[in-house]
Amino acid sequence: IMAKRKSKKFAKACGNRKTFTEACFTGEVPEEDPSRPDDEKSPIKLEISGDKEPSQYSPSGDTAIDSRPATVKLDLGGSVWIVGNVDGGTLTMVKMRLTGARKASIMAKRKNKKYPHSCGGQDTFAEACFAGEVPEEDVSRSDEKPPIKLEIIADREPSQFSPRGGTTINGKPATLKLDLGGSVWIVGSVEGGILTMVKMRFTGANKASIIAKRKNKKSAKACSNAKTFNEACFTGEVPQEDEEDLSRPGEKPPMKLEIAADNEASQYSPSKGTLINGKPATLKLDLGGSVWIIGNLEGNTLTMVKMRLTGGSQASVMAKRKNKNYAEACGKQKTFIEACFTGEVPEEDPSKPPAKLEVTGDMEPSQYSPSNGATLNGKPVTLKLDLGGNIWIIGIVDGETLTLIKIRFTKWNEISIMAKRQNKKYNKKCGKQATFSEACFTGKVLESPTNLDIGGDKEPSQYSPDDTSTINDKPVQLKIDLGGNVWIMGRIDGDMLTMVKIRFTRWNEGTILGRRHTKKYHKSCGKQATFTEACFTGEVTEEGPSQPDDPEEPDMPELDPSKPCNAPRAKMAPAPSVTAATMTTSGAPSATTTRTTATTPIPTTTVAATTSITTTTSITTTTGMATTTSITTTAATRSRRGRRGRRGRRKRNNKRKGKRKAKNKKKNLKKNKMKNKKKKNDDGATKFWSRQKNKDDDNDDDDDGDDDDDNDDSDDDGGDENDNGKTGAAASTTITPEVGHAAHDFFNGLEKKVELLLHTVLAFTPAKM
């Protein structure tokens, strides 16, 4: 604690989180007396619970200590890292804070010859491993006490949040945006020839910490263009602001910054193989930018870990919590939200291994992909690699030099450059698209400016919401596909346009990226035909801390054992109609199971995506503190053309061909079986009616004999004479095949009914003693 203040006459702006500044730290120094805790001199109690902040930079695979690659890395938050390697039984470590791609501030160094075995591996390397002797270094005596040489090559870390439409500086839209990594951004606007800029770090969807401000009247033309705006543009005078009284329009008005941010897409997501202390993580929550909260229940304790996935099997732990008095809703995936991340920070003994976290991550699909017209330094881009979450590596081969750039799409026409590399001694496989991989991204850091002209194409969405989607229990009227499973949906209630941006992560899971509501929307935004991404503006929906109610299970009817047919039957629903651009398949109707989720007063979104398999499950996704959104989804699987290689397509095509062959074979067997059965029935009917005809002929002969003896008698088949003088014996009878089949079926059914009746009578006949 550096200082304390108490003020009874504070400015109104100092009581608001958005306008609270350093100038508000004024007032009297409080008099504290621990022996008098009940009066005004009671000491101020401060309880702190801190989490690691995301890093802006991370050491790449080319970082070396004494010319040997750094094999262990640990993110301590805020771009502070521990890197180390093992050389001849000695563990050498350096703690540093990265300040740029090739810049770092060294904080401490250690050498340890008796290090634990767990400290030598990346999976088990922890902060407690940073122990040992401080190495003696003497530049003048490099042979006896050589200094530790550290070669740094760092990359920018992906941001968790990004500014969107609605971010303003002094009431003017921020037209210039630059991602510096780790949720650190520079935003700016040009007004009257003056370039105004703010460097800030996002701490939430509508929260930010201002790092610095600049005003420049003589800025370069390139700094006023969004395509050429870069970090070097952040120069000029520090604006002098009078923040003690914001209501006074003096010569030094404070700079007003209004923020509207959305969660960025995650590059990785934890899969089913993720474990906490050897037990599967049953709770997962995507906070954006590959930051996740995972948890599981062990007895009466809810254990949670907030982490940032840095690879398929690597993660940086940001915070841990254990809670024995957790809300019941926090123990279920459907109602697990960010507000659940509370409880005690588990105390871990540095001498003992910390809680084990085994991470298995899957790559998330990208929303955008580089278009075919992309160029680098005037040459067409020939190498492209999707790393997931809109992060791509693109490159060209110019003579004997391989030039690569790692980028992240923030919109279809906006990118953030994360790292650059140039390599003259590259592997031949890295020069071909078919064998180009992430391991090729090595070489020297390219410091010279590059001319990158790139545009993004929307990646096909795997899932799509159907017509049963709702917002606040009312049908969705507007929806637009942004690509990569990202959708904007909205509806109009009165004069209010409410919109939700959502990204499907699975057929029954999703992440809400942003919410907006506005009364001042353009007329074109109220119609599906003219609804576009530009309509997603307005105020960010404020959500207060709340807890979703526990979903009630539907009552099941009691079964009566005396009535065997009283068991409830599953209602069969017809196959749903599939929306445009979704895969249509034919099949039998499937049972639909529906669960309900009670929601808080905030806007709720129910999303249903269509497919031939219609199992409906209610899920809950969140963004921000204590935000719950009920999503009912039946997912639609789209074909993801262009997402996989030729081998994958060939494999899928062969699989489809095999299924079609098996289906056709089964269909032909069934057809032949039915044909044989029909033929057998035809033969049986013909034989049956032939026997009946023979019997009738015999009867006719007998009747004719009787007529000779007694002309008054006649047979039953019409021996009586009619008015025309014709006798019934002379009339001919024709039996058609249709009549034969009907008669055959009738007699077969009659025979079965008689047999069933006999069995029933015998069953109820009392047995003789």
Item to check | Stretch gain in nm, segment residue 345-residue 524, where the contour uses 0.36 nm per residue and the Cα spacing is subtracted | outcome: 59.4 nm
Checklist outcome for this item: accessible surface per residue for the stretch 45-90, probe 1.4 Å, DNA/RNA/ligands not counted, whole Å² -> 46 Å²
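Quick check: residue separation of residue 676 and residue 438 times 0.36 nm, minus the Cα distance between them. What number comes out in nm?
Details: separation 238, 0.36 × 238 = 85.68 nm, distance 6.10 nm.
Result: 79.6 nm gained on full extension.
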Checklist entry - Of the peptides 494-502, 52-60, 468-476, 376-384, how do they stack up when ordered by the mean number of other Cβ atoms within 10 Å, highest first? => result 52-60, 494-502, 468-476, 376-384
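Place the peptides 304-315, 667-678, 322-333, 5-16 in order of packing, highest mean first, counting for every residue the other Cβ atoms within 10 Å and averaging per peptide. The partial results should precede the final answer.
Numbers: 304-315: 20.2, 667-678: 10.1, 322-333: 15.9, 5-16: 12.4.
Ranked by mean Cβ neighbours within 10 Å, highest first: 304-315, 322-333, 5-16, 667-678.
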Item to check | Residue list for the stretch 479-517, given a label point 7 angstrom along the Cα-to-Cβ vector of residue 533 and an amide N cut-off under 17 Å | outcome: 479-490, 500-504, 513-516
Checklist entry - Along the stretch 265-277, what does the Karplus equation 6.51 cos²θ - 1.76 cosθ + 1.60 (θ = phi - 60°) give for ³J(HN,Hα), rounded to whole Hz, x for Gly and Pro? => result 5, 7, 7, 10, 9, x, 9, 5, x, 6, 10, 10, 6
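Taking 0.36 nm per residue of separation and subtracting the Cα-Cα distance, what length does fully extending residue 231 through residue 429 add?
67.9 nm
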Item to check | Accessible surface ranking that places the most exposed of 258, 533 first, with a 1.4 angstrom probe | outcome: 258, 533
Item to check | Violating pairs (Cα-Cα greater than 20 angstrom) within the set 207/334; 73/111; 272/334; 73/109; 18/217; 177/213 | outcome: 207/334; 18/217
Checklist outcome for this item: Excluding residues fewer than 8 positions from residue 519 in its own chain, the lysines with Cα under 22 Å of it are 172, 474, 479, 501, 527
Checklist entry - Too long at a 20 Å Cα-Cα cut-off: which of 52/444; 6/199; 320/356; 215/520; 384/429? => result 52/444; 6/199; 215/520
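Give me the percent of accessible area attributable to carbon and sulfur for the stretch 168-230, probe 1.4 angstrom. Walk me through the numbers before you get to the answer.
Details: 1490 of 2960 Å².
Ligands and nucleic acids excluded, carbon and sulfur give 50 percent.
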Next on the checklist: If I take R0 = 41 Å and measure r between the Cβ atoms of residue 333 and residue 662 in this structure, what FRET efficiency does the formula 1/(1 + (r/R0)^6) give, to the nearest 0.05?
Outcome noted: 0.65
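In whole percent, and with a 1.4 Å probe on the protein chains, what portion of the accessible area of the stretch 351-411 is carbon and sulfur? Mind showing how you got there, number by number?
On the way: 1200 of 2420 Å².
Its accessible area is 49 percent carbon and sulfur atoms.
The values are calculated or read from the model by the stated rules, or taken from the named source; none is laboratory data. These numbers were taken from a predicted model, which means no experiment stands behind them. We place every Cβ from the backbone using ideal geometry, glycine too, and count neighbours over all the protein chains shown. Protein only, heavy atoms only, side chains kept; ligands, DNA and RNA dropped before computing areas. Shrake-Rupley method; radii C 1.70, N 1.55, O 1.52, S 1.80 Å.
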